[in-house]
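Trainee: One structure follows; several queries about it will come next.
The values are calculated or read from the model by the stated rules, or taken from the named source; none is laboratory data. Small disclaimer: the values here were computed from a predicted structure and weren't measured. Using ideal geometry, Cβ is built from the backbone for each residue, glycine included, and neighbour counts are taken over all protein chains shown. Calculation scope for accessible area: heavy atoms of the full protein, side chains included, ligands and nucleic acids excluded. Shrake-Rupley method; radii C 1.70, N 1.55, O 1.52, S 1.80 Å.
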Amino acid sequence: CGKTTAVSIGIDECDILGDIDIIKPTPIKEKTVCDNKYTTGVLGVDAGERLSMGAAYYLIKAASLMGTGLIKAKYKESIYNTLSPLCPYAVFKENNEYTNKATALSLGSGCINGCDLTVLEKGLPTVIDADGINELKKHIDLLELYGRNIILTPHAGEMARFVGITVKELEENRIAYAKKLAIKYNTTVILKGAFTVVATPEKTFVNTLSSPVLATAASGDILSGIIGGLLSRGYTTTEAATTGVYIHGLMGVKAEEKYGSAVNADSLIEVLPLALKN
């Protein structure tokens, strides 16, 4: 057909997306020579149990690689002897002492018997995942009071249970349900999936950077660690949510480039530094 030229016909991104933004990450803060472990963030973690220790391991590992200065994990007798040698850079504190001097919290990953959400009363920036979201539904008053400080990271099943609909209903209108929940409780919602939705009371974002290799066990726990690390270092809830989701998606891309489809949580952790560098 001869020479073919692609030209603009005047349709901008905003005309297609309306009030939805494509995620553009916030630059990662560089540490300075005068920083110490307290000035670069202290993350309090309540994650993992006897049958789900991996959730705590991958969350703590991811947070440490994000540059979090100090990670304080809640001591749990059933997993301590195994977890502590795997995470020697974390300290373990009994009861709720893991929140002392914390600048942010990460709650719920692998907490199959629930977690103590009264720590939300400290008003710290907090990411809540998995069983923590299920527990939060029983204490909705805490979400109403402290929603502005909270990031929820449900997958479709957890989100559907939380709002009382079927997964099919949710998947047919993911953006609308995420926006509705964010506005209702004045909170930040990360609805995980192929194109993860990040909804705040003011704005909604979609992540177009992803890979099918992220569909593996502990992938969500890694995301919670990334976001918890960002929160601990002073990022706002919106910055931590959007940048964390972007980094997570980039990790999937990098892991797939390196390993093809043979990717598990270890592979994702391995490429996290590479994603940050890029």
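Trainee: Between L170, L214, which is of a type outside the set (D, E), crowded, with 16+ Cβ neighbours inside 10 Å, under 23 Å from G108 (Cα atoms) and over 18 Å from the mean Cα position of the chain (by Cα)?
Mentor: Residue meeting the stated conditions: L170.
Trainee: OK, next. Which one of these is at pLDDT 95 or above and among the small types (G, A, S): G132, G114?
Mentor: Every option except G132 fails the conditions.
Trainee: Name the residue that is farthest from F195 (Cα to Cα), counting only residues in segment 149-160 that are touching a Ser or Thr at 6+ places or on another chain (Cβ under 7 Å), touching a residue at least 12 places away in the same chain (Cβ under 8 Å) and of a type outside the set (V, I, T).
Mentor: Ranking the qualifying residues of segment 149-160, first place goes to N149.
Trainee: Residues being open to solvent by 30 Å² or more (accessible area, probe 1.4 Å) and free of Cβ contacts under 8 Å to residues at least 24 places away in the same chain: count how many of those fall in segment 190-201.
Mentor: Residues meeting the conditions: 3.
Trainee: Would you pick out the residues in segment 52-74 that are among the polar types (S, T, N, Q) and open to solvent by less than 10 Å² (accessible area, probe 1.4 Å)?
Mentor: Of everything in segment 52-74, nothing turns out to be among the polar types (S, T, N, Q) and open to solvent by less than 10 Å² (accessible area, probe 1.4 Å).
Trainee: List pairs: first residue in segment 255-274 and in contact (Cβ under 8 Å) with a residue 12 or more places away in the chain and closer than 21 Å to G67 by Cα, second residue buried (at least 20 other Cβ atoms within 10 Å of the Cβ) and aromatic (F, W, Y) anywhere in the structure, Cβ distance under 7 angstrom, at least six positions apart or on different chains.
Mentor: Cβ pairs passing all conditions: A265/Y58; I269/Y58.
Trainee: For Y235, all conditions in the list (1) open to solvent by 20 Å² or more (accessible area, probe 1.4 Å); (2) touching a residue at least 60 places away in the same chain (Cβ under 8 Å); (3) aromatic (F, W, Y) hold save one; what is the number of the exception?
Mentor: All conditions pass for Y235, except number (1).
Trainee: Related question: Which of (1) in contact with a Leu (Cβ under 9 Å, 6 or more places away or on another chain); (2) under 24 Å from I150 (Cβ atoms) does Y89 not meet, given it meets every other one?
Mentor: With (1) in contact with a Leu (Cβ under 9 Å, 6 or more places away or on another chain); (2) under 24 Å from I150 (Cβ atoms) applied to Y89, the lone miss is (2).
Trainee: Please work out if S84 is at pLDDT 95 or above and in contact with a Ser or Thr (Cβ under 7 Å, 6 or more places away or on another chain).
Mentor: Judged against the criteria, S84 is not a match.
Trainee: Here is a further query. Return the residue satisfying two criteria in turn: it lies in segment 244-278 and is among the hydroxyl-bearing types (S, T, Y) and open to solvent by 20 Å² or more (accessible area, probe 1.4 Å), and of such residues it is farthest from E30 (Cα to Cα).
Mentor: S261
Trainee: Kindly indicate the residue of segment 87-97 that is open to solvent by 80 Å² or more (accessible area, probe 1.4 Å) and of a type outside the set (D, E, K, R) and also farthest from I269 (Cα to Cα) among those meeting that condition.
Mentor: Step by step, filter segment 87-97, then rank; the result is N95.
Trainee: Just checking, which of A56, A63 is under 30 Å from I175 (Cβ atoms), at pLDDT 95 or above and not β-branched (V, I, T)?
Mentor: When all the criteria are applied, what remains is A63.
Trainee: Can you list residue pairs whose Cβ atoms sit under 6 Å apart, with the first residue in segment 125-148 being open to solvent by 50 Å² or more (accessible area, probe 1.4 Å) and the second being at pLDDT 95 or above? Count only pairs 6 or more apart in sequence or on different chains.
Mentor: If the second residue must be at pLDDT 95 or above, the pairs left are K137/F162; H139/L117; Y146/L120; R148/N186.
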